[in-house]
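Notes for the one structure printed next.
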Amino acid sequence: MISKKEITSLLQEKDPHILETLWQQADVVRQRNVGPAIHLRGLIEISNICRRSCCYCGLRAPNEAVKRYRMSTEEIIASARTVFDLGYGTVVMQAGEDGGITEEWLCQIISSIKSSTPLAVTLSLGERTEQELAAWKSAGADRYLLRFETSNRQLYTAIHPDFGHTVSNRIELLAKLKTMGYETGSGVMVGIPGQTYEMLTQDILLFRELDLDMIGIGPYIPHLQTPLGQIGSEQHPEQVPNTATMAYTVLALCRLVCPQANIPATTALATLNTNGYAVGLQRGANVVMPNVTPFRYRKLYEIYPEKACFSQDTIAASEVLQKLSIKNRTIGTGPGGRSKSS
Ligand code: SAH
């Protein structure tokens with residue numbers, strides 16, 4: 001088992017040969033533990049309305065430059081149908097923390113998707129009440145994604161202003177999601193201003209402690225219409241850089257520390273590196289989340305600028321390997337949950 005000290009040291013590694021060895025090792029561990037299958041999750045960004053003011057996110061409530069939307073029931077169900085028709089096993093419904101996504105409304109949508117397709121349903125809707133989360137679970141939701149962004153409480157508080165009287169505690173909520181029976185995913189951004197190697201080491205160790213089913217890692221990308229995006233790039237020696245290389249290193253370390261987890265090659269990675277999906281898949285990742293949001297909405301879901309998407313069109317499961325020029329891998333069939341190795 002890789003030690004805390006080794007993690008901190010590898011995070012700061014500059015020697016390309018050592019990094020190459022780490023990436024190859026992550027690929028071997030991925031193959032041994034979760035096999036050759038790449039699981040596809042179709043992402044529908046159902047609303048960009050948000051009540052929170054996270055200091056890094058372009059969808060934050062105070063950003064008046066965003067044209068806001070919430071997809072209709074019919075549009076969401078039609079997009080979920082597209083996910084199924086494309087041959088993917090999972091639909092992910094993601095949104096800003098939108099109070100207009102009500103308990104009953106989403107229950108109906110989840111039930112409808114579950115009764116008309118074999119898709120696994122994943123939600124990524126921010127911090128919602130236990131009552132809402134339990135209701136959505138009963139309606140058929142299988143998984144929930146909620147990144148804790150950083151395990152360092154001070155940095156966390158600095159970039160996540162409270163909402164009314166609620167004190168934001170994503171780590172606590174993740175534990176609740178697990179007890180409710182959700183397959184639970186979390187993750188962090190790499191290179192948040194103020195994030196140190198020591199903090200990032202703790203993040204990786206917390207992934208293991210939380211025994212997560214999914215881990216999403218992406219580089220932090222500054223958005224000019226946010227407070228964090230406005231501050232300059234003055235770097236102190238402990239600051240983690242928000243580069244693609246750094247994100248690959250974290251991804252590979254996650255694979256070593258949580259060998260069985262589902263780990264996506266994220267859109268943020270593909271935004272910094274044109275071949276980010278393919279490279280991520282060869283450095284520990286086993287999941288891709290192609291964007292299936294109707295195009296007119298997709299461009300409005302601007303959490304950070306220049307977000308990568310495969311293309312304006314959706315891409316069928318059967319075309320993914322060719323599109324990414326990936327060899328010796330397969331496309332996963334079925335929902336591709338943690339316990340199933342299909
Ligand atoms: N409202 C949901 C979904 C947020 S978007 C929630 O709060 O969970 C999903 C993820 O995008 C976030 O968890 C964050 O890690 C990432 N993200 C947001 N802004 C970003 C930025 N500027 N650069 C990189 N990733 C960002």
Review point. Since Ala244 meets every condition but one in (1) touching a helix residue (DSSP H, G or I) at 6+ places or on another chain (Cβ under 6 Å); (2) under 23 Å from Glu6 (Cα atoms); (3) open to solvent by 40 Å² or more (accessible area, probe 1.4 Å), which condition does it not meet?
Key: (3)
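Taking only the stretch 210-229 into account, find how many residues are in a helix (DSSP H, G or I) and within 12 Å of the ligand (Cβ to nearest atom). If you could, list the steps in order and put the result at the bottom.
Here is the first cut: in the stretch 210-229, the ones in a helix (DSSP H, G or I) are 210, 227-229.
From what is left, the residues that are within 12 Å of the ligand (Cβ to nearest atom) are 227-229.
Residues meeting the conditions: 3.
Could you identify the single residue in Thr314, Thr274 that is free of Cβ contacts under 8 Å to residues at least 60 places away in the same chain, part of a loop (DSSP other than H, G, I, E, B) and more than 16 Å from the ligand (Cβ to nearest atom)?
After applying the criteria, what remains is Thr274.
Yes/no matrix, rows are residues, columns are (1) β-branched (Val, Ile, Thr); (2) in contact with an Asp or Glu (Cβ under 6 Å, 6 or more places away or on another chain); (3) open to solvent by less than 40 Å² (accessible area, probe 1.4 Å); (4) on the phi > 0 side of the Ramachandran plot:
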| position | (1), (2), (3), (4) |
| --- | --- |
| Val257 | yes, no, yes, no |
| Ala261 | no, no, yes, no |
| Ala268 | no, no, yes, no |
| Tyr277 | no, no, yes, no |
| Pro290 | no, no, yes, no |
| Thr314 | yes, no, no, no |
Review point. If we only count strands (runs of 3 or more DSSP E) wholly inside the stretch 112-193, which ones have 2 or more residues that are within 12 Å of the ligand (Cβ to nearest atom), under 29 Å from Ala270 (Cα atoms) and of a type in the set (Val, Ile, Thr)?
Key: 183-190
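Any residue that is out of contact with any His (no Cβ under 7 Å at 6 or more places or on another chain), β-branched (Val, Ile, Thr) and within 23 Å of Asp203 (Cβ to Cβ) - is there at least one of those in the stretch 120-142? Even if it seems obvious, please write down each step before you answer.
If we filter the stretch 120-142 for residues that are out of contact with any His (no Cβ under 7 Å at 6 or more places or on another chain), which is where we start, we get 120-142.
From the residues that got through so far, the ones that are β-branched (Val, Ile, Thr) too are 121-122, 129.
Imposing the further condition that a residue be within 23 Å of Asp203 (Cβ to Cβ) reduces the set to 122.
The answer is yes; a qualifying residue exists.
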**Study point:** Given (1) open to solvent by 20 Å² or more (accessible area, probe 1.4 Å); (2) touching a Ser or Thr at 6+ places or on another chain (Cβ under 8 Å); (3) in a loop (DSSP other than H, G, I, E, B); (4) more than 11 Å from the ligand (Cβ to nearest atom), number of the condition Gln202 does not satisfy
**Key:** (3)
Review point. If you go through the stretch 48-59 one residue at a time, do you hit one that is surrounded by fewer than 18 Cβ atoms within 10 Å (Cβ to Cβ), more than 13 Å from the ligand (Cβ to nearest atom) and assigned to a loop (DSSP other than H, G, I, E, B)?
Key: no
Check your understanding: Which of (1) surrounded by fewer than 18 Cβ atoms within 10 Å (Cβ to Cβ); (2) within 16 Å of the ligand (Cβ to nearest atom) is the odd one out, the single condition Gln94 does not satisfy?
Key -> (1)
**Study point:** Residue that is most open to solvent (accessible area, probe 1.4 Å) [pool: residues in the stretch 136-169 that are farther than 24 Å from Val190 by Cα and at pLDDT 95 or above]
**Key:** Ser138
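The values are calculated or read from the model by the stated rules, or taken from the named source; none is laboratory data. Computed from a predicted structure; not experimentally measured. Here Cβ is always computed from backbone atoms with ideal geometry, including for glycine, and neighbour counts include all displayed protein chains. With ligands, DNA and RNA removed, areas are computed over all heavy atoms of the protein, side chains included. Shrake-Rupley method; radii C 1.70, N 1.55, O 1.52, S 1.80 Å.
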